[in-house]
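**Student:** Questions regarding the structure given below will be posed in turn.
What follows draws every value from the coordinates through simple rules; no lab data is involved. It should be emphasised that the depicted structure is a prediction, and the values quoted were computed from it without experimental measurement. Reconstructed Cβ throughout: ideal geometry from the backbone, glycine too, with neighbour counts over all protein chains shown.
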Amino acid sequence: MRTAMINADEARNQGRNAPVTEGIRAGSTPAQAGANAIAQLREVAADLGMLVLRAVLAVVFIYHGGQKLFGLFGGYGLAGTAGWMASIGIPMPYASAVLAGSAEFFGGAALLLGLWPRMAAIPMAFTMLVAIVTAHWGKFSAQAGGMEYPLTLAAALMAIALVGGGRLTVIEAWRRVRRRG
């Protein structure tokens, strides 16, 4: 037998003592309410998972981009990065260093904040694919200088490009603020 659940306002307005459950529509069964609660928990877990993924990737890419662009964290800056790129035969090494460092540093910042994470992930993934082809090809193990690490980063970035960065982003927060006020 189905038990009709109504919200608190409806119960007060009708002056009845009825089973009241927050967020359950009239006519819902406890099983439907449970299924709705589980679905909401899954959405929250997915959003938290994407936030964790974005944050970890952001730290990695801000670190490496900062090394390439600004010489931070023991990096060699643009001149050193361009010199290394020239030594392995990458065309236009200075421009390539600027592009790779910018994709990593600014893309990492965009991922961290959740500013258009799908769009930020695309040039970052491309940068990792270029790194695989130009510097890590022919070996897999990261210990041997192979493609294992940039491939993992590229795959995680492609996942963000495909499914998005979740709802815990600056853009989503801005949308919620605009809807309220």
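**Student:** Sorted by packing (mean other beta-carbon atoms within 10 Å per residue), highest first, where do 162-168, 109-115 land?
**Tutor:** Per-residue Cβ counts within 10 Å, averaged per peptide and sorted highest first, yield 109-115, 162-168.
**Student:** Another one. Given DSSP loops and a limit of at most 14 other Cβ atoms within 10 Å, what is the longest stretch of the chain that contains no such chymotrypsin sites (Phe, Trp or Tyr not before Pro)? Before the final figure, lay out each step's value.
**Tutor:** Values: sites that count: Y76, W137, F140.
Longest gap between qualifying sites, sites excluded: 1-75.
**Student:** Put +1 on the Cβ of every Lys and Arg and -1 on every Asp and Glu Cβ in the chain; which of Y149, M85, S28 then has its Cα farthest towards the positive end of the dipole?
**Tutor:** S28
**Student:** Among R54, R118, R42, which one shows the biggest mean-square fluctuation in a GNM of the chain, springs joining Cα atoms closer than 10 Å?
**Tutor:** Maximum among the listed residues: R42.
**Student:** Can you list, largest first and rounded to whole Å, the semi-axes you get for the stretch 44-180 by taking the square root of 5 times each eigenvalue of its Cα gyration tensor? Write down the numbers at each step before the final one.
**Tutor:** On the way: eigenvalues 172, 56, 27 Å².
Whole-Å semi-axes of the equivalent ellipsoid: 29, 17, 12.
**Student:** What list of ³J(HN,Hα) values in whole Hz, one per residue of the stretch 44-52 in order, does the Karplus curve 6.51 cos²θ - 1.76 cosθ + 1.60 (θ = phi - 60°) give from phi, with Gly and Pro shown as x?
**Tutor:** Per-residue couplings from phi come out as 5, 4, 5, 5, 5, x, 5, 5, 4 Hz.
**Student:** Classify the stretch 88-152: rounded, prolate or oblate, from the alpha-carbon gyration tensor (a ≥ b ≥ c, eigenvalue square roots; a/c under 1.5 rounded; otherwise prolate if a/b is larger than b/c)?
**Tutor:** Numbers: a/c = 2.78, a/b = 1.43, b/c = 1.94.
Judged from the Cα gyration tensor, the stretch 88-152 comes out oblate (a/c at least 1.5, b/c at or above a/b).
**Student:** How much length is gained if the chain between I88 and V59 is pulled fully straight, taking 0.36 nm per residue apart and subtracting their Cα-Cα distance, in nm to one decimal?
**Tutor:** 7.8 nm is the gain from fully extending I88 to V59.
**Student:** Convert each backbone phi in the stretch 73-90 into a coupling constant with the Karplus relation 6.51 cos²θ - 1.76 cosθ + 1.60 (shift: θ = phi - 60°), then list the ³J(HN,Hα) values in order as whole Hz, x for Gly and Pro.
**Tutor:** With coefficients 6.51, -1.76 and 1.60, one gets 6, x, x, 9, x, 5, 5, x, 5, 5, x, 5, 4, 5, 5, 9, x, 6 Hz.
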